[in-house]
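First the structure, in the form of structure tokens, and then the observations on it.
The values are calculated or read from the model by the stated rules, or taken from the named source; none is laboratory data. Quick caveat: nothing in here was measured; it's all calculated off a predicted structure. Using ideal geometry, Cβ is built from the backbone for each residue, glycine included, and neighbour counts are taken over all protein chains shown. Accessible surface is based on the protein model in full, side chains and every heavy atom, while ligands, DNA and RNA are left aside. Shrake-Rupley method; radii C 1.70, N 1.55, O 1.52, S 1.80 Å.
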Amino acid sequence: MRICLIRGSGVEQEEVDSVFHAMRARQVDAVELRRDAKAGTVADLLKATDVILTLGGDGTFLAGARVAAPRDIPVLGVNHGHLGFLTEIEAHEMSMGLSRFFDGSYRIEERTMLQVTLSRKGRSMVQEIGLNEVVVDHSGETHILRLEIDVGGQRVGVIDADGAIVATASGSTAYALASGGPILEPTLQDLLLVPMSPFALTVRPIVFAPGQELSLTVVRGPGEMRVDGQGRGQEVAIGDVVSCGSHAKRLKVIRFSPPESFYQRLADKLGWGRPLVPKK
């Protein structure tokens, strides 16, 4: 068995060394994959990998998800960050988590991944995958974007807004939630469209059934496109089309908690359902 470790910037080397020590004690091969590794290095390291272990926050988990999902490798997230909504266990629980994994005391939860393509004049320019969302928003001196929305080849409408978010169920509790979108159960395969500060009050979020492909055509721009909030945005010009659909493979997430714990997580991590004024 081989475990591949991806760590966030705030994780100390001694914590990585402790994981390697625990793996050696179980005669398990362990390697570290840098988040900025080249595609060839990623392919070589993950060729014989059985599980990806992420040490960090949700950003590190997202990085692990993008390389794991296409290869059908399950991911176990260990939270070393502040929120850790996507991760399964906290840093101090890592030893227990690894023991449960090796004992087979876990379940696999599948999550939908986004497949995003940026096209210009009918030609594919960029292709990316993400777990949470793709954001198309205004850039430079552009104060408002005009986007034409199509679903499955059917024109939905044209919106004037700061931008738009297309999110998975996993991403419904991230940037989409901050922009006024609804919360979806994470295992749902629906896609969510959330306009960002739309000019018209009647333009509201829409949930689309599984299997639908959404396209956002830039009518007034320019703008920027980001998948899972990665680095610098990709420029999108007038006439560009951002196509969004579900990736052919779903992410496999290692879980020790029962499915219904998602609602407890909403309360613990996001404060959902907690009264603003404490009960007397």
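Selection of region 242-258 for residues being of a type outside the set (D, E, K, R), more than 30 Å from residue 223 (Cα to Cα) and under 14 Å from the mean Cα position of the chain (by Cα) yields only 253. Residues in region 57-100 that are in a helix (DSSP H, G or I) and under 15 Å from residue 268 (Cβ atoms) were compared, and the one that is nearest to the chain's Cα centre (by Cα) is 58. Sub-6 Å Cβ pairs linking a first residue in region 185-200 that is within 14 Å of residue 135 (Cβ to Cβ) to a second residue that is part of a loop (DSSP other than H, G, I, E, B) and polar (S, T, N, Q), at least 6 apart or interchain, are 194/179; 196/179, ordered by first then second residue.
Taking first residues from region 151-164 that are at negative phi and among the basic types (Lys, Arg) and partners that are open to solvent by less than 20 Å² (accessible area, probe 1.4 Å) and modelled with pLDDT of 95 or more, the Cβ contacts under 9 Å between residues at least 6 apart in sequence or on separate chains come to 155/149. Applying a threshold of 9 Å to beta carbon distances and a minimum spacing of six or more residues, or different chains, the list of pairs starting in region 255-280 at a residue that is assigned to a loop (DSSP other than H, G, I, E, B) and open to solvent by less than 100 Å² (accessible area, probe 1.4 Å) and ending at one that is aromatic (Phe, Trp, Tyr) and at pLDDT 90 or above reads 256/101; 256/106; 273/263. The criterion of at least 3 residues that are farther than 14 Å from residue 114 by Cβ and at pLDDT below 95 is met by the following strands (runs of 3 or more DSSP E) wholly inside region 152-226: 154-161. None of 232, 226 is without any contact (Cβ under 8 Å) to a residue 24 or more places away in the chain and open to solvent by 30 Å² or more (accessible area, probe 1.4 Å) except 232.
For region 50-84, filtering for residues that are open to solvent by 20 Å² or more (accessible area, probe 1.4 Å) and either of a type in the set (Ser, Thr, Tyr) or in contact with a helix residue (DSSP H, G or I) (Cβ under 8 Å, 6 or more places away or on another chain) (or both) leaves 6.
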